[in-house]
Amino acid sequence: MEDLQTLKIHKKWQWLNGTAYDFLGDRDEWFRWLQVLLLYDRPLLHFESYDKEYEPLALSQAQSQWLEKSKSFITKENTPLVKKFLHELLDGFKKEALFWFRQGRADFICALVHTVFMYDQELFLDFVIKTTEKAFTHLKKRGSLSSSVGITGLRLMSEYPHPKSYAALLQMQLKAKHYVFVGEVAKAITRIDQKAGFDKEALLDQLVEDFGVREGKLWQKIDDYQACIEIEAYNKVELRWQNSQGKQVKREPAALKKAYGEEVKQVKALVKALKQSLSNQKIKLENAWKNRRAWAVADWERYILKHELTSWVGKKLIWTFTDGTQSQAAIWHKGQLVDVHLNPVNIGDFEKVTLWHPAKAGVEDVKAWRDFLLEYEILQPFKQAFREVYLLTEAERQTGTYSNRYSGHVLRHFKFKALAEQRQWYYTSVYSYEPPWVHFSKYGVEAVLDLANEYEFARVERLSFYTLENRQPLPLAEIDPLALSEILRDLDLFVATCSIGIEANWEDTQHREYWQHFSFGELNEVAKTRKVILESLIPRLKIKDVAAIEGRFLRIRGKFRYYKIHLGSTNILMEPNDQYLCIVPDWKAVKTPDVFLPFEGDQGLLVILSKAFLLAEDDRITDSSILLQMGISKENG
């Protein structure tokens, strides 16, 4: 048995003499572990870099010897003690994450993950999954806690496929944001797909936990109080407290929080978990188009329509039911599935279900569903009926395998990168010249966006398409229209959200000509959708008598002047001389107009409405910088 003095000769493990050593309860057991883990040869077993593709794991003779020695330490007799050891360690990860995942300690964690997983993948899978997830926790301005530990865990899970590890990887993919995590999780899933062929989408449906929620509510008793967690909408989860008399109190009592602090924390953590799960279901269902997802009617009914969480998202969406010869679009409304004319739809007459998409519907059908959502004020979790559709242009038929539709647009680079990753594009770094790309695997398509990298800015160049199978240039005319539309929609979203043209106070001479053109030029598809919505909304608003859509603008008649708000950039011109009016919304001071919108996520539309309501009552504006531009002094106003 090695003692503390002997261990000190191992310089790379000296950190274990302090906090970590004192942290564990059974010191003898701790030393026994160290005897094995000190033999860990990092270059042989540790996956040090994520910058290159790895060949399938091949254990050398030295690796095999180490693994045999490490596995021999764990026996049936001491397994409970080993599990206790790992439980204590996981607790340590929660309390002192930065301590445990520093480089020297990361080597130890890598060795530990290897040891337990190679002994029994199923028995210690939870430890490996939780450690991997923790390692990829994203820290602001620091990246992940430990990419080395995370990659080691992902590699092991992918080399020894198990349904539970595959399910965990799919859940990680939904939450992954940092490009390292996104890329490595995707690789791990691909390796398992090649080995085991699990039904990824079906497994994701089955894994959605209901947390014990019944009819939108979950009760938790703490002493004489009841915590009621209530789902009010797919985007709203509320926590309320009741005392022993059943009377509702505004927040948890201070005495309860003091006496049962840990239990109160667990309730709040449950609220957070429910919100995250609902958000995950929203992402998963929007990805149904990208994943070319189709459900058997019975599975759809079980995992979406009747699921305690997923139903909150699914019931706000339009679905297409088919039986091979006919199809029917329907939505859940007032306790039943109905078509756009409110006729009940019997799903027993159909075999398959897919998520309805306007690219697959006629113009009249799309308009009818849009009117339906507005009439009954159905808020969709993402754009569906009002989703932009992008058709192949004649210019794109001529270019063949690439599109110049968005060439020349200038984007805020860091903002673009964040949004691209959110939309599941892969983009390593704004500092590199590797272009962002996205895979639509079910359609066999890869799209690559060329950028002129100006560090702070990125100028869009061509968008090229390739086959996934052998990466040959792919003619746009051969791409499924839905897949092409979704890829181009991402590009339009990047431009609408990240272009410097939407910045009201742009003063830099660099890119000034582009800013002027974008600010008041032709509308992109996102702006055209805003125009359609505003045409329906304006007659319902209190500003209806002073507001009108005119071409690319929403024209507002104020008390002093007429104003034109561009539907794309949201920037403003004042008549009669088209003088520019700079208004930068202060979201802490300006309230969003209380109007119904049929979907979430279009911040530009909210900006347009806010500016419209403000300018309609320009005689009440008190901001001196705005009044000065309008040629009005506070004294004269």
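Within region 143-213, the trypsin sites (Lys or Arg not before Pro) that combine a DSSP coil assignment with at most 13 other C-beta atoms in a 10 angstrom radius are Lys177. Contact order, relative form, for the chain: 7 percent (alpha carbon pairs under 8 Å, 6 or more residues apart, mean separation divided by residue count). Sorting Lys611, Lys94 by solvent-accessible area of protein heavy atoms yields Lys94, Lys611, largest first, with a 1.4 Å probe.
When the surface is traced with a 1.4 Å probe over the full set of protein chains, Glu600 keeps roughly 70 Å² accessible. Here the chain has 48 percent of its accessible surface on carbon and sulfur atoms, given a 1.4 Å probe and all protein chains in place.
When Glu301, Glu262 are compared by accessible area of protein heavy atoms, the largest-first order is Glu262, Glu301, using a 1.4 Å probe. In a DSSP loop and with at most 15 other Cβ atoms within 10 Å, the GluC sites (Glu not before Pro) in region 342-423 are Glu351, Glu377. Rounded to the nearest 10 degrees, the inclination of helix 147-159 to the longest alpha-carbon principal axis of the chain is 80 degrees.
Within the shell of other residues whose beta carbon sits under 11 angstrom from the beta carbon of Lys442, the net charge comes to +2, with Lys and Arg scored +1 and Asp and Glu -1. One Cα centroid belongs to region 83-110, the other to region 436-509; the line between them spans 41 Å. To the nearest ten degrees, helix 261-290 and the longest principal axis of the Cα atoms of the chain are 60 degrees apart. For the chain, adding -39500 (n - 2.57) for each run of n ≥ 4 DSSP H residues and dividing by the number of residues yields -13000 deg cm²/dmol at 222 nm.
So, R0 is 22 Å and r is the distance between the beta-carbons of Gln336 and Arg302; what FRET efficiency does that work out to, to 0.05? Once rounded, the FRET efficiency stands at 0.80. Using 0.36 nm per residue and subtracting the Cα-Cα separation, the extra length available between Lys272 and Glu209 on full extension is 21.3 nm. Within the full protein context, the accessible area of Phe136 is estimated at about 10 Å² for a probe radius of 1.4 Å. Calculated accessible area for the chain comes out at 49 Å² per residue, all protein chains present (probe 1.4 Å; ligands, DNA, RNA ignored).
Ignoring ligands, DNA and RNA, how do Cys228, Cys582 rank by accessible area with a 1.4 Å probe, largest first?
Listed by decreasing accessible area, they come as Cys582, Cys228.
Taking the longest Cα principal axis of the chain as reference, the axis of helix 103-119 is set at about 70 degrees. Ignoring aspartates and glutamates fewer than eight residues from Lys360 along the same chain, the ones with Cα atoms less than 20 angstrom from its Cα are Glu286, Asp323, Asp339, Glu351, Asp371, Glu388, Glu478, Asp480, Glu486, Asp490, Asp492, Glu525. For percent of Cα pairs over 41 Å apart, the value computed from the atomic coordinates appears in the list (i) 54; (ii) 32; (iii) 40 under label (iii).
The heavy atoms of Ile632 present about 30 square angstrom of accessible area, all protein chains included, probe 1.4 Å.
Starting from the Cα of Lys83, move 7 Å in the Cα-to-Cβ direction to define the label point; list residues of region 92-117 whose amide nitrogen is under 20 Å from there. Within reach of a label on Lys83: 92-93, 112-117. Each Cα pair under 8 Å and six or more residues apart adds its sequence gap; the mean of these over the residue count of region 419-479 is a relative contact order of 22 percent. Here the simple spin-label model places points 7 Å from the Cα toward Cβ, and for Trp219 and Lys367 these points are separated by 5.2 nm.
The values are calculated or read from the model by the stated rules, or taken from the named source; none is laboratory data. Keep in mind the model is a prediction, meaning the values are calculated, not measured. Ideal geometry is used to build each Cβ from the backbone, glycine not excepted, and the neighbour counts take in all protein chains shown. Areas reflect the complete protein model, heavy atoms only, side chains present, ligands, DNA and RNA absent. Shrake-Rupley method; radii C 1.70, N 1.55, O 1.52, S 1.80 Å.
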